[in-house]
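The structure appears right after this line, and notes come after that.
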Amino acid sequence: MKKVSDADKLYYFEKNFFTIDGVWMLEVEKEVGWEIALKIDKNVWIRLMKIIFKRIQQYLNIKANTLNNLIELVTFRWSIEGWKYSVNYISDQEVIIEINECPYKAIMDRNPDRQSKIPLICKDFCIPFYKAVLEDLNSQVKIERSKFMGLGDNICDFHFKQISIQALEVNFHKSY
């Protein structure tokens, strides 16, 4: 058996992580069409990302569901995948992250045949994907987004706000 180093493993998995996602999507799209392929891809990624975030949480030894820990999980993943972003800590209750480069969009930008799919991926995949995954990580944090590179903006934004327990109780009582 050939002995491989951690650097060899890193090279292999890093180079193939994005490739497997893209090839899988192209093949599913060819078999069932764009809309069904995108729905399946979104469902797979939501399920996968919940698993990945649990593993990252264990790896980083994160025990509490705080806003800062949520930011730590998300930015760990983005850093590993090569996202370019900046984090602005407004307060203990509020954080804004601006994405300057998304590796998934960058890959599609380089492929003329897929550029027309970028707005569709942004609107029908990325936006609902992050809403589902981040709310699952911490239901006490509200995420607002107003800028999307895939829809023509120069950045994507994620505005995280910690919801207080009192605010949740007030909203609960107002609804009944």
From the residues Gln93, Ala64, Ile121, which one has its Cα farthest along the dipole of the chain in the positive direction, the dipole being from +1 and -1 charges on Cβ of Lys/Arg and Asp/Glu about the Cα centre?
Ala64
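Can you tell me the dipole magnitude for the chain around its Cα centre, using point charges on the Cβ only (Lys, Arg +1; Asp, Glu -1), in Debye to the nearest 20?
It comes to approximately 360 debye.
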Would you mind checking Lys50/Lys142; Lys9/Lys161; Lys50/Lys147; Lys15/Lys84 for any pair whose Cα atoms are more than 26 angstrom apart?
Lys9/Lys161
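What number, in nm² with one decimal, is the all-direction average of the projected area of the convex hull of the alpha-carbon atoms of segment 1-123? Present the calculation step by step, with values, prior to reporting the outcome.
Working: hull surface 41.7 nm².
Dividing the Cα hull surface by four gives the mean projection, 10.4 nm².
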Along the positive direction of the dipole of segment 6-174 (beta-carbon charges: Lys, Arg +1; Asp, Glu -1; about the Cα centre), which of Phe148, Ser79, Val133 reaches farthest?
Val133
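Could you work out how much longer the chain between Asn43 and Ile107 gets when fully extended? Use 0.36 nm per residue separation minus the Cα distance between them, nm to one decimal.
On the way: separation 64, 0.36 × 64 = 23.04 nm, distance 2.10 nm.
Extending this stretch completely gives an extra 20.9 nm.
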Could you work out the relative contact order of the chain, using alpha carbon pairs under 8 angstrom and six or more residues apart, expressed as a whole percent?
19
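Every number here is computed from the coordinates shown, using simple stated rules; none is lab data. The shown structure was predicted, so the numbers you read here are calculated from the model rather than taken from an experiment. Neighbour counts are summed over all protein chains in view; Cβ atoms, including those assigned to glycine, are modelled from backbone coordinates with ideal geometry.
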